[in-house]
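Values in this text are rule-based calculations from the coordinates and carry no lab data. Small disclaimer: the values here were computed from a predicted structure and weren't measured. Neighbour counts run over all protein chains shown; Cβ positions are idealised from the backbone, glycine included.
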Ligand code: DX5
Ligand code: ZN
């Protein structure tokens, strides 16, 4: 049975919106997060970069701790670091609910998956634009989320790479074939212009930084707008392909 779209409030939407604080006004992080929370954000996305895996340095554990104190929303930590392992348990202790590690940064992803699960959090595997999805196949049944990067990670406000759409479609087909509950998330260049097509392709968690925090319409409206176009996309794909969420 197709999902019910008659509701308007965010909690029951099949689309999850995750504002990325990389584009937030960090001098006013508390009020920005409160606005995102009241605006219907489903989770907060925190990008940790080490200057090696990507050519940028961003946040560390103290920022995760601060965000945890401000909001009750789930916290998704996206690790763009060469050695994710050392951060996993400390992040879960600080309140991360999901940790995304890059498949390109893991020699032994199974071990890291077990570590995160044993620590009590969910695990996502992030995949760079040039990395084929088949690299995730051996561990696909063990992960909670696949995170398709739709830009080369490192910086906010880059142009969405349309090649990520076929990867999202592939991730969605795999999910159906495996009858899996794992979430399909997309990160990079997501906004009102791209939200529709990524939802049609299969994404259900949309991570957006600049389109939310730098929107001239404000955080709340930006979240609603992205959710609206994505829900429209989802409705379209259900109507045309007889899919489920
Ligand atoms: C990019 C980060 C993203 C970033 C997205 O490397 O992983 O989470 O915040 O920013 P936008 O939405 O502006 O592309
Ligand atoms: Zn990210």
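Using the basic label-point model (7 angstrom from Cα toward the beta carbon), what is the residue 66 to residue 163 distance in nanometres?
3.6 nm
For the pair residue 114/residue 239, report the inter-label distance in nm, with labels modelled 7 Å from Cα in the Cβ direction.
Taking the simple label geometry, residue 114 and residue 239 are separated by 4.9 nm.
Of 66, 157, 96, which is the most mobile in a GNM of the chain whose springs link Cα atoms less than 10 angstrom apart?
With Cα springs under 10 Å in the chain, the top fluctuation among 66, 157, 96 is at 66.
Taking a cut-off of 20 Å, what percent of all Cα-Cα pairs in segment 75-175 are separated by more than that?
Cα-Cα pairs of segment 75-175 separated by over 20 Å account for 36 percent.
Tell me the Rg and the Dmax, in Å, that the Cα atoms of segment 44-134 produce.
Using the Cα atoms of segment 44-134, the pair Rg, Dmax is 12.5, 38 Å.
Expected output is a single nm value to one decimal: the length gained when fully extending between residue 139 and residue 180, i.e. 0.36 nm times separation in residues minus the C-alpha distance. What is it? Can you show the working numbers first?
Numbers: separation 41, 0.36 × 41 = 14.76 nm, distance 1.25 nm.
Net length gain for the segment: 13.5 nm.
How fast does the chain diffuse by Stokes-Einstein, in µm²/s, taking the Kirkwood radius from C-alpha pairs at 20 °C and 1.002 mPa s? Before the final figure, lay out each step's value.
On the way: Rh = 17.8 Å.
Stokes-Einstein gives a translational diffusion coefficient of 120 µm²/s.
Given the Cα atoms of segment 107-227, and with Rh set as the inverse mean 1/r over their pairs in the Kirkwood sense, what is Rg to Rh to two decimals?
Numbers: Rg = 14.8 Å, Rh = 15.0 Å.
My calculation puts Rg/Rh at 0.99.
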